[in-house]
1. Looking at the stretch 119-131, can you tell me whether even one residue there is modelled with pLDDT of 95 or more and within 24 Å of residue 81 (Cα to Cα)?
2. In the stretch 1-104, which helices (runs of 4 or more DSSP H) lie fully inside it and hold 2 or more residues that are at pLDDT below 90 and surrounded by fewer than 13 Cβ atoms within 10 Å (Cβ to Cβ)?
3. If you scan the stretch 119-140, which residues turn out to be buried (at least 16 other Cβ atoms within 10 Å of the Cβ) and either more than 21 Å from residue 164 (Cβ to Cβ) or in contact (Cβ under 8 Å) with a residue 40 or more places away in the chain (or both)?
4. Somewhere in the stretch 142-151, is a residue modelled with pLDDT of 95 or more, out of contact with any helix residue (DSSP H, G or I) (no Cβ under 7 Å at 6 or more places or on another chain) and within 30 Å of residue 108 (Cα to Cα)?
5. Given the conditions (1) in contact with a helix residue (DSSP H, G or I) (Cβ under 7 Å, 6 or more places away or on another chain); (2) not assigned by TED's automatic domain parsing to the domain that holds residue 167, which single one is not true for residue 101?
């Protein structure tokens, strides 16, 4: 995650005027018309916009993330965690009777395991197709079979890249969950249920007439 405070060179408690002054100073040197780098100037603008937006700034200060400045892997990791948060919210079990953070970590580790297995299977298929191609004599004229096999290898390579991205995002999500400690109920902390009252045994109230 790129830090907007570092980009602008201001303190984390900088006020609006300080942020504007820092932006004007850096924008002169960073602007492409002055020989600056286009990407660097774009990051400078995004950092400036973030820190002037009180809502986005508060979210960044609280979480360390902002959609405009977060890299693709972090965004995918945040999406994965958001899905797990939804599952946590919908879980009907009483808070304290299970560890939702541990459950999220376990789900991410299972996704990583499945993705690694899928990647190894894809690589195995690609290698097998490659061996077929090595043994396949090129047909004079149009090489339909060879073309289709090479296209299949290319498609598998794309799938492998997507699987690697998924692994990276899940691993990053696990990193984001590091450091959280969830307090579980101790055995016996559950509230004692109220005893059932048999109405026949309940104290009888004398009427005013008695």
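The values are calculated or read from the model by the stated rules, or taken from the named source; none is laboratory data. Computed from a prediction, not measured in an experiment: that's the story for all the values here. Backbone-built Cβ (ideal geometry, glycine too); neighbour counts: all protein chains shown.
1. Yes: the stretch 119-131 contains one or more residues that are modelled with pLDDT of 95 or more and within 24 Å of residue 81 (Cα to Cα).
2. The helices (runs of 4 or more DSSP H) meeting that bar are 16-30, 38-52, 54-63, 72-90.
3. 119, 122
4. no
5. (2)
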